[in-house]
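Structure first, commentary second.
All of the numbers you see were taken from the coordinates with simple rules; none came from a lab. Keep in mind that what you see is a predicted model, and the values were worked out from it rather than measured. Here the Cβ positions follow ideal geometry from the backbone for every residue, glycine too, while neighbour counts run over all protein chains shown.
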Amino acid sequence: MEGKILPAPAVAGILKSGFVEVRLHCDLGSHAAANKALQLDLTNNLALPIFVVMDPDTKKVLRVHAGVAFAADFAEFLLPAK
C-alpha cells in the first residue's frame, strides 16, 4: 500500500487535500505491543495493514479499512471522510 497505492494520483490527491498522516507500527519496535493494543481499541481489529480516518477535533473514528486495496477502491474509502 505504501509503495503503490498511497502515492497513486487518485489517492495522493485526496490525502494531500485535507488529511494528516500518522503511522502506528504494530508489528515492529519496542512499542509494538502498546501500539497493537491501541489499534485494537480504535478498530476492534488486528489486521495489517489497517487504515483509520479520525475526526481531528473529537478523535472519533469515522472510517476503518482493513487489508490491501486497489487505488480506486481506497480513494472511495477516503472520499466520504473528506
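Summary table
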quantity	calculated
Placed amide H near Ile50: partners under 5 Å, 5+ positions off or other chain	Gly67
Within a Gaussian network of the chain (alpha carbon springs, distance under 10 Å), most fluctuating of Leu48, Leu38, Leu28	Leu28
Cα convex hull volume per residue for region 1-50 (Å³)	91 Å³
Lys pairs, the chain - Cα-Cα below 19 angstrom, 8 or more residues apart or on other chains	6
Rounded to the nearest 20 debye, dipole of the chain from Cβ charges on Lys, Arg, Asp, Glu	80 debye
Per-residue HN-Hα couplings for region 54-64 [Karplus 6.51, -1.76, 1.60; θ = phi - 60°; Hz; x = Gly/Pro]	10, 6, x, 8, 8, 6, 6, 6, 9, 8, 9
Equivalent ellipsoid semi-axes, region 9-81, via Cα gyration tensor eigenvalues times 5, rooted, Å	22, 14, 11
Nearest-0.05 FRET efficiency for Ala32 and Val53, computed from C-beta distance (R0 25 Å)	0.65
